[in-house]
Amino acid sequence: MKKYNIIFYDCVDSTNLEAKRNSQMEDRTVFTAVTQTGGRGRLGRKWFSDENGLWMSVLLKPDISPAQCSFVTLVAGLAVCGVIENSGIKWPNDIVLGSKKVCGILTEMSSSAEKLNYIVCGIGINLNNESFPDELSNIATSLYLETGGKTDREMFLNRFLSEFEFYYSRFVENGFSCLADEYRKKCITLGKDVTIIRGDNSYPAIAVDINENGELIVETENGTETVLSGEVSVRGIFGYV
Ligand code: ADP
C-alpha cells in the first residue's frame, strides 16, 4: 500500500483548514485531531466534533481534472462503508448506520480553470459518543450507540486508510465507472421518496439512479432530473434518511 504520512493534533479549528494551510506537503498526508473547535459541514454548516470521534483530512494530489474532484467524496464513502459493517451511503456524503448519520464527508479542492492543485477530503466519524446534543439526537449516531462497543481511534484510522487506498487507487487509475456498481449497491438513497432542498426551494422526488458521473437521478412531477452533489440536500420524507 502507498504510504500515508499521518500527523496527529490534539485540537485544531478544522482538519480541512489545517490541511489547506499545509497544502505544500506531500500527496496522501493525513491531518487528524482529537477535537475540532470549528468542524464544518457543507454549505457553511457546523460539524460537531468532541473527543469521541475520528476527525481527519486527507491531502491528495492526483492527476485528474477539477471536474472529477467530487468523486473523491464517493470514494471516501465506499471506504468508510468498508470499515463499518452494515452501514450505507446517503448520497452523496453521509454514512448511515441504523437510520442515523455516523459519518460525514466534506471534500474541497484548489484549482485553476483546468489544473487541479490539491484536494482535501475531510472525514468525520462518530466513534464512542454515548449521546449527542439535543439538536443532533434525531440525526446523529455513533458506532458505540449502534454496536455497544468502543472503538480505538488509531485502529479505525489504519483500517480506513487501507480501504481508502483500495478504492482511491482504482478510481485514479480507471475512473469512477469501475466503482459505480458498488456505490449503487451501498447507496441507501436509491428507490426512496426524497425531498430535494435547493436553497429556499424544496420539492418531492423519487431517487432512481446514480449515473456514471456520480450524480443522482431523480423523478419529479416535472420529469427526470439530474442532481449534482454540493448543490442540494436530500432528505427522506419522514426524516433524515
Ligand atoms: P447534509 O446532511 O445536508 O449533507 P452536511 O453534510 O453539511 O449536511 O453536514 C452538516 C450537518 O450534519 C449539520 O447541519 C448537522 O445537522 C449534522 N451534524 C453535525 N455534526 C454531526 C455529527 N458529529 N454527526 C452527525 N451529524 C452531524
- Item | Any pair with Cβ under 6 angstrom, 6 or more apart, that starts in region 130-154 at a residue that is touching a residue at least 40 places away in the same chain (Cβ under 8 Å) and farther than 19 Å from residue 94 by Cβ and ends at one that is surrounded by 12 or more Cβ atoms within 10 Å (Cβ to Cβ) and among the aliphatic types (A, V, I, L, M) | 153/54
- Query: Given the conditions (1) under 14 Å from the mean Cα position of the chain (by Cα); (2) without any contact (Cβ under 8 Å) to a residue 24 or more places away in the chain, which single one is not true for residue 124?
  - Reply: (2)
- Residues of region 53-68 being hydrophobic (A, V, I, L, M, F, W, C) and within 16 Å of the ligand (Cβ to nearest atom), in sequence order, are 54, 55, 56
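Listed here are the residues, each with its yes/no results for (1) at pLDDT 95 or above; (2) of a type in the set (Gly, Ala, Ser); (3) assigned to a helix (DSSP H, G or I).
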site	(1), (2), (3)
150	yes, no, no
155	yes, no, yes
165	yes, no, yes
173	yes, no, yes
197	no, no, no
219	yes, no, no
224	yes, no, no
- Query: Filter region 105-125 for residues that are buried (at least 24 other Cβ atoms within 10 Å of the Cβ) and not aliphatic (A, V, I, L, M); which is farthest from the ligand (Cβ to nearest atom)?
  - Reply: 121
- Query: Going by the structure shown, is residue 17 of a type in the set (A, V, I, L, M) and either touching a residue at least 60 places away in the same chain (Cβ under 8 Å) or more than 16 Å from the ligand (Cβ to nearest atom) (or both)?
  - Reply: no
- Return yes or no: is residue 41 within 16 Å of the ligand (Cβ to nearest atom), at positive phi, of a type outside the set (Asp, Glu) and in contact with a Leu (Cβ under 9 Å, 6 or more places away or on another chain)? no
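The values are calculated or read from the model by the stated rules, or taken from the named source; none is laboratory data. Worth saying up front: this structure is predicted, and the values here are computed from it rather than measured. So basically every Cβ, Gly included, is an ideal-geometry build from the backbone, and we count neighbours across all protein chains shown.
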